[in-house]
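What follows is one structure encoded as structure tokens, with my remarks underneath.
What follows is calculated from the coordinates using simple rules that are stated; it is not laboratory data. All figures in this text were calculated on a predicted structure; none of them were measured in a lab. For neighbour counting, all protein chains shown are included, and Cβ atoms are generated from backbone atoms with ideal geometry for every residue, glycine included.
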Amino acid sequence: MGDQELPGVLVSGFEGPHGICEDHVGALQKHFNLVTMQEFLENKTYFGPKIQAVYIWGGRPDINQELLKSLPALRVVASSGVGLDHLDLKLIASFGVKVANTPHAVSNPTADLGMALLLAAARRVVEGHQLAISPHTENFSANWMGQEVTGATLGIIGMGSIGYKIAQRARAFEMKILYHNRKRRNLEEEEAVGATYCERLDDLLQQSDFVMLAVSLTPQTQGLIGRRELSLMKPTAALINVGRGLLVDQDALVEALQTGIIKAAALDVTYPEPLPRDHPLLELKNVTLTPHIGSATHQARQQMMENLVESILASLSGLPIPNEVLAT
């Protein structure tokens, strides 16, 4: 810790795959004394009472009861991204601590990636790349084909901010858009993107050429797409997931891809992350995988950092917290 006048904020660290973004450290240190988990664990008695906020980046540090008991001055947990499945909101609230996230910063880049994965699956982009660069390729077959996106039916599961922005992009491809959501959007919002509400998930699955998962992980949505749901999809359909890996029964997905129940999958998220190096999903040609990079743009990550700073400062000043998340 440096300037003792600044509020203490706990961070995972400055290095490694779970460290905070190096480019953001300087901006954060203008407002806070940053305490790494290693520093805290080495001297809990000294640092515990000084830490007023936890800055979660990439899901770290983990928030559990032991940590919360060690931070008597904690006011707010500020978590990057929109997903909250890594946080026990009721536990945190029981300590009188607020929670904030950054939903608006992730919407556009995640929607962009969702469309990128849809296009990659449809046109077999990764498989085509491997074919094009292979030292064994002697000619390109005129009959090596993919699926057309223009005019196809896209079923979006989860029509929150990300799902809606995916629909906006899909409309430019003249796609027919179906959606399934906990709550139906209003008529004006549906008409703006040409989306049709499916009250029954089964109806969406049966009609869609592409099924896009953009829903949050909750106890109700875990395993949302299993063997039965995959069997309802068209054999020419592709599943795209930009939500969370646990939304899908991966064993059932592997089976569906191997046996032709569905045509392809494109996944930015899996469980666990990364997958074990011998996992069958890594061997299938009809699978496109990316390393959970939905919000991984310089612009989005900068906005996330700024949003987290704003929420922490508001909390410490007793002001309304932007993007506060309430335990339900």
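The label-point distance for ASP23 and GLN222, in a model that sets each label 7 Å from Cα toward Cβ, rounds to 3.6 nm.
Would you calculate a helix-derived [θ] at 222 nm for the chain, using -39,500 (n - 2.57) for each DSSP H run of n ≥ 4 and dividing by the full residue count, to the nearest 500?
Dividing the helical sum by the residues of the chain leaves -10000 deg cm²/dmol.
Determine the dipole magnitude for segment 147-289: charges of +1 sit on the beta-carbon of Lys and Arg, -1 on that of Asp and Glu, nothing else is charged, the reference point is the Cα centre, and the result goes in debye to the nearest 20.
Magnitude of the dipole: close to 140 debye.
Annotation: Cα Rg of segment 147-289 relative to the compact-globule expectation 2.2 N^0.38 Å equals 1.00. For segment 81-156, GluC sites (Glu not before Pro) meeting the loop criterion (DSSP other than H, G, I, E, B) and having at most 15 other Cβ atoms within 10 Å: GLU138, GLU148. With both residues required to sit in the chain, DSSP beta bridges show an antiparallel share near 5%. Compute the Cα gyration tensor for segment 24-88, then decide on rounded, prolate or oblate, letting a ≥ b ≥ c be the square roots of its eigenvalues: rounded whenever a/c is under 1.5, prolate when a/b is larger than b/c in the other cases, and oblate in all that remain. Here segment 24-88 falls in the oblate category.
Against the chain, whose longest principal axis is taken from its Cα atoms, helix 161-171 shows a tilt of about 30°.
Label-to-label distance for GLN38 and GLU66 is 1.9 nm, based on points extended 7 Å past Cα in the beta-carbon direction.
Shape summary of segment 60-142, radius of gyration then Dmax from alpha carbon positions: 22.3, 68 Å. In plain terms, the residue of CYS21, CYS198 with the fewest other Cβ atoms within 10 Å comes first and the most crowded comes last, giving CYS21, CYS198. Shape summary: the chain maps onto an equivalent ellipsoid whose semi-axes, from the alpha-carbon gyration tensor, are 40, 22, 18 Å in decreasing order.
Taking square-rooted eigenvalues a ≥ b ≥ c of the alpha carbon gyration tensor, is segment 1-61 rounded, prolate or oblate, where a/c under 1.5 means rounded and, failing that, a/b exceeding b/c means prolate?
oblate
If you take all other residues with their beta carbon under 13 Å from the beta carbon of ILE51, and give Lys and Arg +1 and Asp and Glu -1, the sum is +3.
The longest stretch of the chain left intact once loop-based chymotrypsin sites (Phe, Trp or Tyr not before Pro) with at most 10 other Cβ atoms within 10 Å are removed from consideration, loops following DSSP, is 145-328. In the structure shown, the pairs LYS30/LYS165; LYS90/LYS176; LYS165/LYS234; LYS90/LYS165; LYS69/LYS183 are assessed against 28 Å; a Cα-Cα span above that value is assigned to LYS30/LYS165; LYS90/LYS176; LYS90/LYS165; LYS69/LYS183. Listed peptides 293-302, 247-256, 105-114 appear in the order 105-114, 247-256, 293-302 once ranked by packing, highest mean of other Cβ atoms within 10 Å at the front.
Segment 166-212: which GluC sites (Glu not before Pro) are DSSP loop and have at most 10 other beta-carbon atoms within 10 angstrom? Of the GluC sites (Glu not before Pro), the ones in loops of segment 166-212 whose Cβ has at most 10 other Cβ atoms within 10 Å are GLU199. Applying a DSSP loop filter and a limit of 16 other Cβ atoms within 10 Å to the GluC sites (Glu not before Pro) in segment 1-49 leaves GLU5, GLU15. Length gained on full extension, THR150 to GLU306: 52.4 nm, using 0.36 nm per residue less the C-alpha separation.
If Lys and Arg each add +1 and Asp and Glu each add -1, what is the summed charge of the other residues whose beta carbon sits under 15 Å from the beta carbon of LEU257? Here the count lands on -1. Under the simplified labelling scheme, the LEU187-ILE293 pair shows an inter-label distance of 4.3 nm, with each label point 7 Å from Cα along Cα→Cβ. Computed over neighbours whose Cβ is under 14 Å from that of THR102, the net charge equals -2, Lys and Arg +1, Asp and Glu -1.
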